[in-house]
1. So, with +1 on the Cβ of K and R and -1 on the Cβ of D and E, and no other charges, what is the size of the charge dipole of chain B about its Cα centre, to the nearest 20 debye?
2. Report for the protein assembly as shown the percent antiparallel among DSSP-assigned beta bridges with both residues inside it, nearest 5.
3. In debye, nearest 20, what is the charge dipole magnitude of the range B:81-339 about its Cα centre with +1 on Lys and Arg Cβ and -1 on Asp and Glu Cβ, if you could check?
4. How big is Rg to Rh over the protein assembly as shown, alpha-carbon atoms, Rh as the Kirkwood inverse-mean-distance radius?
5. Which order do B:Ser130, A:Ser180, B:Ser80, B:Ser47 fall in if you start with the one that has the fewest other Cβ atoms within 10 Å?
6. Tell me, A:Tyr371, A:Tyr416 in order of fewest to most beta-carbon neighbours within 10 Å?
7. Taking N as the number of residues in the range A:101-356, what is its alpha-carbon radius of gyration divided by 2.2 N^0.38 Å?
8. Considering only Cα-Cα distances, which of the following residue pairs are longer than 20 Å: A:Lys248/A:Lys301; A:Lys7/A:Lys400; A:Lys22/B:Lys345; A:Lys6/A:Lys93; B:Lys373/B:Lys419?
Amino acid sequence: MTERIKKASRHTNQSEGLIFEKCSPGKRAFELPPLDVPLAEPAKALGALHRSGGVEGFPEVSEIEVIRHFTRLSTWNYAIDLGMYPLGSCTMKYNPRVNEFVARLDGIATEHPCQPQELSQGCLKIMRQLEKCLLEITGMEAITLQPAAGAQGELTGLLLIRAYLEKKGNPRKKVLIPDSAHGTNPATAVIAGYEVENIKSESHGQIDVEKLREIVTEDVAALMITNPSTLGIFEERIGEIAGLLHAKGALLYMDGANMNALAGVTRPGDLGVDVMHLNLHKTFSTPHGGGGPGAGPVATKRFLEPFLPVPVLVERPDGKLALESQRKDSIGKVRAFAGNFGVLVRALAYILAYGPGIRQATEDAVLNANYIRKHLEGVYDLPYSLPSMHEVVFSDSIQKKNGVNTMDIAKRLIDYGFHPYTTAFPLIVPGALMIEPTESESKEECDLFIDAMRAIAEEAATNPEIVKTAPHTTRVGRLDEVTAARKPILRWKSASRTEAAD
Amino acid sequence: MRYLPKSPAEREQMLAAIGAKSIDELFSEIPERFRLRQALSLPGPLSETEIIAYFKDRAAENSVGYTSFVGGGVYNHLRSVVTDAILQRGEFLTSYTPYQAEIAQGTLQAIFEFQTLMCQLTGQEIANASMYDGSTATTEAVLMAERLTGRHRVLVARSVHPEYRQVLRTYAKNSGLQVEEIPYVAAVGTVDTAALKAAIKADVAAVVVQSPNYFGAIEPVAALAGEVQASGALLVVAVAEAVSLGLIRPPAEADIVAMEAQSLGLPPSYGGPFAGVIASREKFVRQMPGRLAGQTTDGDGRRGFVLTLATREQHIRREKATSNICTNQALCALAATVHMCLLGKEGLREIAHQNFSKAQFALAELEKIPGVKRAFSAPFFNEFTIELPRSVRIVNAHLVREKIIGPLAIGADYPELTKRGLVCVTETAPRTEIERFVAALRRALEQPV
């Protein structure tokens, strides 16, 4: 079978311990310019507050050892830069390098959030330009760039809804969330002080509009919808859904995690959405960096603007931009300062690179997903057959007959040189394989992926053991997660002593 | 378009394979009335050269060429070029959250090292893989204390960063958590322990102090702990200037430490991205928010790392999760990890010493100006509050003309503290610039009103 693995071959990688295991007193990797003022005596000024011995256990290594340590670790990671990263709902697209360059410029990375605003006009113009672009792309009317990530964007959005309803006299009790939603949606609703009512999808994976009509009462504050849904399917009746919520005074929140399917093709603002968040680290190419940072701007209709978090970016009569902190109806602040500015810079650089051509990125993303779907349909079970947008969800029901599940297939994909797709999500598809190729993949890369998935399906039928015990080519095999959780080891400790506070 | 790896012919081939006549067919589920028929009105497309030019133009409209003495929760420190060289390795930069452990051991081991370094720095037993920033870490620490104690009142020192307190209020508003503020001692600048004592009742979940606090003053954490814990409440200590821990006793007595790691290798970047972190006691681990990396082994007994205790998190527990956080600040935490490895034990101690010495020097020079006084008597690290004989805003207007960004006015957040400003002096300020700042401030005060 190994001749079928075209994308990857074995190579040697370096072993490396923990940085703490390389330490030896006296080694150092950083030297300071000499102190040019008199040395103050901390023991005298600080007394009992003084930490005299330095930080016990801190590394003592040289510069080359630091470089080698982290370079070796890096080679144990898969990355977009190495190939397709088809995680569904994660939009792992190319992270343009010019974005990294401009975010590090002097005058960009060096700016302090508390410096005078007259000396920050460049930063504020960047934020203003990004606001305008995101409003144009979403068709919304007001925006905040403050939330640090998607989940915080969701919270901001729900707090806006709550503040608006409260002002009208009743914040209401419930937020409706489809069973296909991301876990952050229900977790967020609780922090915003709402009860969660889960709603079941109908047989095609869409929101059950008739059912919805029954449960939308004066108690419902909002419906949180992901569109396209986590099945990669556009909610065809979204206009109707918005209408029936609005008729009862409830609002429509859209989780913008899947905006990569829509940019340039349709606009949430036109669909009847009242408030939504965007994930700049998904649709707008800022790097995931092993889990973050992100940014989760929240765009709204005009009537929610008075409630936006402070500070709000405004244009003064003299044409200068300013951050305004006093707004009587504001929900407050959701994080310190004005947002993950460095992430905003990268997102704007991405939008400027495309301009209106961002539509082409959307089209290519949808083209790739459908191309993969076409070639894998039948080989893998397709539980929902409505047209796919930017991602496609299969199930492992065919392979299950031989005892092979989605996690096994995912792990075997590693041997074929690919990162796994998203496994076991959305929850409404038992044994889900959720595949999102993004626009960054060439036809050649898609073909290699299709070949790999077909080969694994064959293996699952003829030699299931090789799939069930995969991966076979990684530094470590499947790790014992049960012991990791039962007896957590969450930090390194020196063998000779345990560090107490010094 | 240079980011899109397809030729027109390839697009046609792919469409043909799908059996679609046009790309439009793939969007057929979107009702016609919602389809955009005109191009979006966006600037661009721009070449790489034009993108760089656009951002360089914006950079020139900022504070390049100015010397700043502003801290207030964000600190300018030396950073080795090595940190960015490592961060820009695509294997770190362009990888996802390490759910697939076998091909993410690099990220996972680095997180494990970050957690360890954070424990060493704070004197705590466990630390998580990162929160958004210091303000949300502080808020999440309070929510954690609420879950641990089952109590719903929190006492927050007014000397905690005003923005941290604002964020806490935003989150608290709808969760049934009552927030009360505790004053500081006017002449000292640290929390009023008598007022605190009087406010602690059996319904208090947490007491929150920051050290060094917003005024730069170091709070007596060890002394506070006994009182707080005797009441059954938890002591939450926020640390906004992590470099201080190279010289100042760590808040080991605290139950939860909420830290901002920005000053460990991250540029100010107009307010973010930074890295918050929560460190705590081992026995509280199951109420910890955010991701945790743990050590384990594979089938052959090889050491490896995985994300663990995920049953606390939103993707498993949904509405019953400890927090809604998903995406965190992983790459920023990696920056802090690399930076701390570079500094090492000696480097951190030296940097901390330099900050301390320079701040002491600057204060002594400032106090030579008639009418300029130290506002609070408590010991400080690299930031202190001064009292001026006239408005900070007017003084700063003069300083800006000399290309100096001067004391951070705090009167808007503390109406009783007009004419007071925060001055921060780190190792990045050469003596000549400190002296220029002092001379300019003297001139500013000599100007007729």
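1. 640 debye
2. Working: 47 of 85 bridges.
Percent antiparallel among DSSP bridges in the protein assembly as shown is about 55.
3. Values: 21 positive and 24 negative charges, 125 e Å.
My answer is approximately 600 debye.
4. On the way: Rg = 27.4 Å, Rh = 28.5 Å.
Rounded to two decimals, Rg over Rh is 0.96.
5. Details: B:Ser130 31, A:Ser180 25, B:Ser80 19, B:Ser47 13.
By the 10 Å Cβ count, ascending: B:Ser47, B:Ser80, A:Ser180, B:Ser130.
6. Details: A:Tyr371 26, A:Tyr416 22.
In order of increasing Cβ crowding within 10 Å: A:Tyr416, A:Tyr371.
7. On the way: Rg = 18.1 Å, N = 256, 2.2 N^0.38 = 18.1 Å.
With N residues counted in the range A:101-356, Rg over 2.2 N^0.38 Å equals 1.00.
8. Numbers: A:Lys248/A:Lys301 18 Å; A:Lys7/A:Lys400 26 Å; A:Lys22/B:Lys345 13 Å; A:Lys6/A:Lys93 22 Å; B:Lys373/B:Lys419 11 Å.
With Cα atoms farther than 20 Å apart: A:Lys7/A:Lys400; A:Lys6/A:Lys93.
Laboratory data are not the source of any read-out in this text; all were calculated from the coordinates shown. Predicted model only: the values in this text are computed from it and were never measured. Because the Cβ atoms are built from the backbone with ideal geometry, glycine has one as well, and the counts that use them run over all protein chains shown.
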